Each structure stands twice: as C-alpha cells, then as structure tokens.
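Every read-out reported here was derived from the displayed coordinates using simple, explicitly stated rules and does not represent laboratory data. As the structure is a prediction and not an experimental result, all values here were calculated from the model. Glycine gets a Cβ as well: all are built from the backbone with ideal geometry, and neighbour counts include every protein chain shown.
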Amino acid sequence: MKDWRKAEVSIDATLRGVMRQIDAASLQIALVVDADEHLVGTVTDGDLRRGILRGASLDDPVTKVMNREPTTVVLGEDPAAILGLMRTAKLRHVPVTDHGRLVGLETLEELISAPERNNPVVIMAGGRGTRLLPLTADRPKPMLPVAGRPILEHALVGLAEQGFRDFHIAVNYLGDMVEEHFGDGSRWNVSISYLRETQPLGTAGALSLLSAEPTEPLLVMNGDILTKLNFVQLMEAHEQGRDAATMCVRQYDHQIPFGVTLIEEDRLVALEEKPTIRNFVSAGIYVVQPDVVHRVPAGRFFDMPQLLNGLIADGRRVQVFPITEYWLDVGRHDDMHRALGDFEELAE
C-alpha cells in the first residue's frame, strides 16, 4: 500500500511542486491541504495536463488548476460503497475526511486488482546509441543499467504492473543481449516476441515486422525512456478520442541567454530580457490504431514523424497527451548521469 501522505501539498505550492509531489507519491493525485490539514482541493495528473495545454506555467499556484470541490468519503465508509461510488463517478481516487480534515485516500487500484489489457506493446530497442559511447560499445542503449536493472526492464515492469501482457521488442544492434535477458517474458508474467531488424528501420519501421495483424490499438515506445507515466490513462484517453494516433508530449522550456528585441523597420518596439521559450516535444511514446500499421512500408527505414505527418496530411486526427509524471529520454551522457542520480529513488 502506498503512503497517501506523500501526496499532500500545501495550498501555497506551485504547479512545479505539485508535479514533483505526484511523481514522488506515484498516486497520480495531489491532495491540497491548509495549515490545519483540512482538504481544500485535489489535483490529478489529468488536471495538470489540461492546465498546461491551456497555457498554465509550472510557476503558477496550485489554485489555478485544482478541483475545489472533490468527491470525498467520510472515515469508516464501507469499502464496497466506496468502490460503487468510484465506478459510478468514474473516479480513481477518493480522499477520506474526518470533519473536514484529510485522514486517508482510497484508490481504485487498491480496491480492485489491475485488469489485464489486450493492447500489444511494441518497444523499439534496436538503435546503436552512438551518443552514449563508450557505454554502448558492448551493449545496446536500452540495456544500460539504472538502479540495478536495464532501462528496458524498467519500462517492461512498469507496463506489466499496469496490466499489459503482450510485448514485441524490436532488436538489431547486439539484439542477442536483449533476447538473452528477457527471454519469453515468463519471468515477468508477460509474453515477449522479437522483431528482428536486419538493418536499422527507424522509430516506426519495425511495426512492419509484426507477424499478426493487430486488432487493438498499439502502444509504441522507444526503449531508452524512463518514465512513471500512467499508461492506462494514456490508453483510455486514446480510446475516448477515437483518433488515428496519440502522441505523448513533454513540456520543454528553453531560456534565451540574451535580450530579445521586437523591431519594426528601424525602430525598437519592445525588449524582453532573457525570455523563456516554451514548447511541447515528442516524448517517444505513441498509441496507434491497428489500421495505421499498414501505412508502414516493409523493409525500409521509416520514422514515427513520417507516419504521423502522413496521417495528418490525409486529414486524420492525431491527439496529444502531455506527460506530467517523471520522464527521461536517456540519449546523452548527462541524461545517463541524471538517471543514475534520481531514478532509483523514484522507482521505489
């Protein structure tokens, strides 16, 4: 059972602090309390995502996105009644109060076991990882160890804990090492098959190697990503949107180290000192409809941007899903150092 008190945040917290607390608690919710421990609101990772898409800054106060009237139950409520309430209202969390004071948190995951999902998971683990040389001289990048296990294993275990069972791992560079470590997946109570690339096929090309035509939306992700993403929520958002594909995105801020000018002809109109540019970048995690797989050409290099841009050009919708949980693309040496420094604590 997870410690719900780790999800508590002060009403004075910023969205950045709330995001960190949600990551640390691994409950996908923050419980906003006042100085007397009275519950004043809640913030789910969904609230954070919607707020960020509306333009909220991570330095904004929690009050900008929090739910001020969350559904609660009183201390001593029957668990069956709580489960019925959560199912009816489609809730994953219900705070428990005693005369307004926060005394607990009921979660759907703890009231029922995680159901198995039929969605295939395709993990791209065939790249050489040249930017991480010499670390990748004798092993594929997804097999680099972090907190006692390979990066790829962190991904597989996290997905298995959320009910995913059908895995397909694309391998190329030193692929035997991946296959020897993971085998058929029975060690993790999952099934693993391997998509063996004879040449690099890019971040989407290995989809053409699937032996059977998928009947459910596929989860596709790069094998060098460490994340605490709630993949079930991602799949539910995709299924509700009924789009051709969903791309996970991550907010990326870049501060320009100079004063930026706005000029009209030869006249200075405005000057902004060291502004921060905010963009959403691809997080290397996608969901695609089964029919989208047919668009991937066989036997040639094909990247995910080519696939998604082709869908958009044909008038099909591609949804975005912001990641507010922990996420790290281990592509460079400084990323690896960061992973070694912080993921062990988050993985507990």
Which FRET efficiency value, to the nearest 0.05, do you get for Ala137 and Thr198 by plugging their Cβ-Cβ distance into 1/(1 + (r/R0)^6) with R0 = 30 Å? 0.90
Quick one: compute a quarter of the convex hull surface over the Cα atoms of the range 151-270 and quote it in nm². 12.6 nm²
FRET efficiency estimate (nearest 0.05) - Cβ-Cβ, Glu161 to Thr71, R0 30 angstrom: 0.70
In debye, nearest 20, what is the charge dipole magnitude of the range 165-244 about its Cα centre with +1 on Lys and Arg Cβ and -1 on Asp and Glu Cβ, if you could check? 140 debye
Just to be sure I understand: of the beta bridges DSSP finds with both ends in the range 131-218, what percent are antiparallel, rounded to 5? 25 percent
Once Rh is set to the Kirkwood radius over Cα pairs, what Stokes-Einstein translational diffusion coefficient, in µm²/s, holds for the range 27-102 at a temperature of 25 °C and a viscosity of 0.890 mPa s? 183 µm²/s
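Relative contact order of the range 50-164, please, whole-number percent, based on alpha carbon pairs below 8 angstrom and at least 6 residues apart.
17 percent
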For the chain: relative contact order, % (alpha-carbon pairs under 8 angstrom, 6 or more apart): 16 percent
Just to confirm my numbers, what's the Cα centroid distance between the range 277-301 and the range 69-139 in Å? 26 Å
Simple SL model, points at 7 angstrom along Cα→Cβ for Asp60 and Arg87; separation in nm is 3.6 nm
Dipole moment magnitude, nearest 20 debye, the chain about Cα centre, only Lys, Arg, Asp, Glu C-beta charged: 700 debye
Taking Rh as the Kirkwood radius computed over C-alpha pairs, what is the Stokes-Einstein D of the range 171-218 at 37 °C in a medium of viscosity 0.692 mPa s, expressed in µm² per second? 270 µm²/s
Theoretical gain in end-to-end length, Thr276 to Leu262 [0.36 nm per residue, Cα-Cα removed]: 3.5 nm
Scale the Cα Rg of the range 248-334 by the rule-of-thumb value 2.2 N^0.38 Å and send over the ratio, two decimals. 1.59
How big is Rg to Rh over the chain, alpha-carbon atoms, Rh as the Kirkwood inverse-mean-distance radius? 1.00
DSSP bridge orientation in the chain - percent antiparallel, rounded to nearest 5: 60 percent
In Å³ per residue, the alpha-carbon convex hull of the range 16-151 encloses 193 Å³
